[in-house]
Amino acid sequence: MSSDLTDRLPSPSLPPESPVLARLARLSFRRRRIVLVVWAVLFLGLGAAQGALGAAYRTDFSLPDTESKRGLDLLSEAFPGAGGGGFEGQIVVRVDRSVTDPTVASALEPLFAAVTAAHQGIRVVSPFEPEGRAQVAAQGPQAGKIAYARVEFPTAIARNEFTAITEAIKPAVEAARTALGAQGQIELGGEVFAEFAPPESEIFGIVFAMVILLVAFGSVLAMGLPIGVALFGIGTGAGIITLLSHVMSMPDFTLTLAAMIGLGVGIDYALFIVTRYREGLHDGLEPEDAAVVAIDTAGRAVIFAGITVVISLLGMMLMQLSFVRGLAIGASTAVLMTMLASVTLLPALLGFAGRKVELTRYRGLVAVGFVALALLSVGLKVPAAAAVFAALAVVVLAVGRWVPGLRTLRPYKQPKAMRDTVWYRWSRFVEHRPWPVLAVGVIVLGALAFPVLSLRLGNSDTGNYPTDSTTRRAYDLLSDGFGPGSNGPLLLIARTPAGTAPEALRTVTETVAGDPGVAFASPARPNPDGTAAQWFVVPRTAPQDEATTELVNRLRGDTLRSVESSTGLDVIVTGSSAVGVDFAEFLGARLPLFIGVVLALSFLLLMAVFRSILVPLKAVLMNLLSIGAAYGVVVMVFQWGWLGPLVGVGRAGPIDPWAPMMLFAIVFGLSMDYEVFLLSRMREEFDRHRDNAAAVADGLASTARVITAAAAIMVFVFGSFLLEPNRQIKLFGVGLGVAVLLDATVVRMLLVPATMRLLGARNWWMPAWLDRILPKLNVEGHAVAAPVAPHPDREVVGTR
C-alpha cells in the first residue's frame with residue numbers, strides 16, 4: 001500500500017469514557033422500574049387517548065395539474081351536485097327474466113333512492129331512465145338480463161367516507177335482494193364499494209419470529225425481549241399516529257403499514273442489541289456493563305440505521321401527494337418509537353433479566369409453545385382454540401415450578417468461539433476467492449433485475465379482487481354483459497361557448513365512437529345553462545390493460561386534436577381510468593428524483609459515519625442492485641404472470657404505481673439496517689487492530705448469524721402476506737420478502753465481503769480535506785478491547 005493512502009486514513013479514536021448513550025443505558029438499567037413504568041404509562045395513555053378521540057384517517061386523493069384533474073375540476077364547476085367526480089361505482093343487477101320487468105324496477109328504485117340519500121352530491125344514473133338506456137345489456141346471451149346503475153360521487157368526497165356510505169346502504173341492498181328473490185343477483189362494483197380489510201397475517205409472522213428467535217438464542221427470555229420491545233414501540237407509535245391523523249391527512253392503511261415496518265425494525269434492533277449484550281456476558285462482563293456496552297455499540301448502529309430508514313421514508317414526501325406525505329410521517333413515527341424503545345426500554349428489561357437471559361426452563365418452552373398455538377388459532381380465526389391454548393400457557397407458568405420435569409433447566413449450549421464458526425470459515429472462503437464470488441453475486445442480481453426494463457406502471461382493476469367479494473362479482477357481471485371496459489369508463493368534458501352548434505357535439509361523439517378501442521360513446525349531455533357538455537365512453541378493454549392506456553393517450557392525441565381544430569372545442573379526457581393513467585405517469589416521473597435524493601442523503605450520512613468514500617458508495621450501489629432484483633421478481637410474478645397461481649394471483653396486470661415508491665422506501669431502509677450493523681462491526685474491528693482482512697472476517701463472522709436470523713424473521717413476516725386475498729398486499733409481501741432475502745444472502749454474504757477484500761484498506765480511505773469538514777459521527781461506540789489472534793492474510797494499515 002502506498003504511504004500516501006496510509007497517511008490519509010483517519011486515525012482510530014475511542015469516544016469519551018461516558019458518552020451519552022452509555023450514560024443513558026446505565027441510567028435505564030439502574031432505574032429500570034421507573035423506565036418500565038414510564039413506558040407503560042405512555043403505552044396505556046396513548047391507547048386511552050386513541051380510544052377516546054378515535055381516528056380521523058382520510059385519503060385526500062388529489063393530483064397536481066394533470067388533464068384528468070382539470071377535467072374533474074370543470075366537471076365539478078359545470079355540473080354542481082351532479083356527481084361524476086372521477087370516483088364512480090356501479091350497482092349491478094342480473095335477473096333470469098328481462099330487467100325491463102316492472103317488478104325489477106320496483107325492487108331497485110328504493111335502493112337507488114337510499115344511495116342518493118347516503119351522501120350529499122351522489123348522483124345515480126338508473127338504467128330505467130332515458131340517459132341510462134345504454135346501461136342495459138343489448139347483445140350476447142345476457143342481453144336484457146344484466147343492467148347497472150352508475151353511482152357518481154362528488155369531487156369533494158373523502159375516500160374514507162366511501163366505507164360509511166357502503167355500510168349505510170347495506171340494509172337497502174339486502175332489501176332489494178330479498179325483493180328480487182332467488183332468481184336475481186345484486187352486486188356493488190368499483191373501488192369505491194370495495195371493502196379494504198387490513199392484513200391479518202402478521203400474526204403468523206409473529207409466530208415465525210418467536211420460533212426463529214428461540215432457535216437463534218436458545219432462551220425464552222432472549223426471545224421475548226425483541227418481540228416485547230417491538231410491540232411497545234408499535235403500540236406507542238400507533239397511538240401517536242392516530243392522534244396525528246386529526247391534524248393531517250393520513251390514509252386508513254397508514255396504521256397497517258406502520259405496524260408492519262415497526263414490527264420488522266423493532267425486532268431487528270432489539271435482536272442486535274440483545275446479541276451484543278450476551279456477547280458481553282460471555283466475555284465476563286457484569287450485566288450492567290454488558291448492557292452499557294451493548295447500547296454504546298449496537299445501540300449506536302441502531303440509531304444510525306433508524307435514521308437511514310426515516311430518511312428513506314420521509315423521501316416519499318417528494319412525491320407531493322398529501323396521502324403519501326401522511327404515510328411517510330406515520331411510518332417514520334413508528335420507526336422512531338421502536339428505535340427509542342430499543343435504547344431505553346430494552347436496557348431496562350435487560351436489568352430485570354440479568355444473567356437469566358441465558359437460562360431457560362422447560363416450563364418456559366412449553367408455555368411458549370402454547371402461546372404460539374394460541375396465536376396461530378387467532379390467525380386461523382378459531383377463538384375457542386386460542387382461549388384454550390392461552391389458558392394452558394398460564395397454567396404451565398403457574399404450576400410448572402412444582403412439576404419436576406417442567407422446572408428443570410434446559411442444558412445450556414456454550415457458543416462456539418467466533419473463529420470456530422461456519423460464518424468465519426465462509427468469510428475465509430470469500431476472502432480467498434473474491435473475484436468469482438463477486439461475479440456470481442452480480443450475475444444473480446443482474447439476471448433477476450433484468451425484467452425491470454419491461455416494468456409497466458398502472459392501476460390494477462377490481463378484476464383482481466377475490467372471487468367471493470361483491471366487487472369481483474360485479475366486475476364479472478359487467479364484463480359478461482357489456483365487455484371489460486365497462487368497469488373503467490372514461491368521461492369527456494368540454495366547455496361549450498355560446499353559439500356552439502349541436503353538430504360540433506355530434507362530431508365529438510362520432511369521432512370517439514369510431515376509435516377501434518371504444519365500445520360505446522354516449523351522446524353529449526349539456527349542463528343546465530349550456531356552458532359545458534360531457535360524454536360517457538366505454539373502452540373495449542379492461543381498465544388495467546395496456547390497450548386502455550393507449551386509448552387514453554390516443555384520444556388525447558390525434559383523435560381529439562382533429563375534432564378540436566374543426567369544432568373549436570377543448571375536449572378533456574378524464575374519469576377513473578384516465579385518473580389512473582395520470583397517477584401512474586405522475587409517480588413514475590417523480591420516482592427517479594425520490595430515489596436520487598434518498599441515495600444521496602444516505603451516502604452522505606454513511607460517509608460521515610464510516611469516514612470513507614468507497615464504503616457508502618458500495619452500500620448504495622449494492623442496495624440499489626438488490627432492490628432492482630426485487631422489482632424484477634415482482635414484474636415476473638405480477639406483470640408477466642409467472643408462478644401466479646402458486647402465490648394466488650389470478651390475472652397478470654400492471655404494477656401499481658405506488659408499489660415501486662413504497663418498496664424502495666421500506667426495502668432501502670431495511671437493507672441499510674443490515675449494512676450499518678455489518679459495516680459498523682467491521683469498522684470497530686478495523687479500529688481495534690488496523691487489519692482490514694481480519695476486520696472483514698471478524699465483522700462478518702460476528703454479525704452473520706444475527707443478520708440471518710433477523711432477515712429470516714422479516715422474510716417470514718412479509719411472506720405471510722401471501723396468505724391475504726388482496727393482490728396489492730401480495731405484491732407488497734413478495735417485493736419486500738424477496739428484497740430482504742437477497743439482501744441478507746447475496747449482498748451481505750457475497751458482495752460485501754468480496755468487495756471489502758478486493759479494495760483492502762482503501763475501504764476506509766477519505767481525503768484529508770473531506771475528513772476535516774465532515775461532522776464526526778461515531779457509530780462504533782466504546783467497545784471492550786479483546787485480544788485478537790493474527791489473521792492469516794493480515795493487512796495492517798499504518799506500516800510500510
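The values are calculated or read from the model by the stated rules, or taken from the named source; none is laboratory data. Bear in mind that the values here come from a model prediction, so they are computed numbers and not experimental data. Here Cβ is always computed from backbone atoms with ideal geometry, including for glycine, and neighbour counts include all displayed protein chains. Only protein heavy atoms, including side chains, enter the accessible area calculation; ligands, DNA and RNA are left aside. Shrake-Rupley method; radii C 1.70, N 1.55, O 1.52, S 1.80 Å.
One table, with the values for the structure above:
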item	result
Rg and Dmax of the range 644-719, Cα atoms only, in Å	18.0, 57
Long-range amide H partners of Ser460 with built H, under 5 Å	Asp656
FRET efficiency, Thr531 to Asp558 (Cβ-Cβ, R0 30 Å, nearest 0.05)	0.65
Karplus (6.51, -1.76, 1.60) ³J(HN,Hα), θ = phi - 60°, over the range 355-367, in Hz, Gly and Pro reported as x	7, 5, 4, 8, 10, 8, 9, 5, 5, x, 5, 5, 5
Gained length - Val20 relative to Thr467, 0.36 nm times residue gap less alpha-carbon distance	155.3 nm
Heavy-atom accessible area ranking, 1.4 Å probe, most first, across Lys69, Lys381	Lys381, Lys69
Packing rank of 723-729, 744-750, where each peptide gets the mean count of other beta carbons within 10 Å, highest leading	744-750, 723-729
³J(HN,Hα) computed for each position of the range 563-572 - Karplus, 6.51 cos²θ - 1.76 cosθ + 1.60, integer Hz, glycine/proline x	5, 5, 5, 8, 10, x, 8, 9, 8, 9
Principal semi-axes in Å for the range 228-276 [√(5λ), Cα gyration tensor, largest first]	25, 10, 7
3J(HN,Hα) from dihedral phi, the range 714-722, Karplus parametrisation 6.51/-1.76/1.60, rounded to Hz, x for glycine, proline	5, 4, 5, 4, 6, x, 5, 5, 5
Packing-based order for 497-507, 760-770, using average beta carbon neighbours within 10 Å, highest first	760-770, 497-507
Alpha-carbon gyration tensor eigenvalues x 5, square-rooted, for the range 341-468, Å	42, 33, 15
Accessible surface of the chain [probe 1.4 Å, protein heavy atoms]: carbon and sulfur percent	64
Cα radius of gyration and Dmax for the range 402-516 (Å)	32.9, 98
Segment Leu397-Arg495, extension gain: residue separation times 0.36 nm, minus the distance between their alpha carbons	27.8 nm
Efficiency of FRET from Cβ geometry, Ser479 and Arg506, R₀ 45 Å, rounded to 0.05	0.95
Calculated on alpha-carbon atoms, Rg and Dmax of the chain in Å	30.5, 99
Rg/Rh for the range 302-373, where both radii come from Cα atoms and Rh is the Kirkwood radius	1.22
Under-5 Å amide H pairs with Ile613, H placed in peptide plane, nonlocal only	Trp765
Amide hydrogen neighbours beyond the local backbone of Gln90, cut-off 5 Å, H modeled	Val151, Gly189, Gly190
Relative contact order of the chain, defined on C-alpha pairs under 8 angstrom at six or more residues apart (%)	19
Qualifying aspartates and glutamates (Cα of each under 14 Å from Cα of Lys618; at least 8 residues distant if same chain)	Glu675, Asp743
Accessible area expressed per residue, the chain, with surrounding protein chains retained (probe 1.4 Å, Å²)	40
Simple spin-label estimate for Thr408 and Ile34 in nanometres, 7 Å along Cα-Cβ	4.4
The range 480-509 residues near the modelled Ser566 label - backbone nitrogen below 15 Å, point 7 Å along Cα→Cβ	501-509
Cα-Cα over 26 Å, subset of Lys170/Lys381; Lys356/Lys776; Lys145/Lys170	Lys356/Lys776
More than 16 angstrom apart: percent of Cα pairs within the range 522-582	51
Computed lengthening from Leu646 to Ala168, 0.36 nm per intervening residue step minus Cα-Cα distance	168.3 nm
The range 615-774: proportion of alpha-carbon pairs further apart than 25 angstrom, %	38
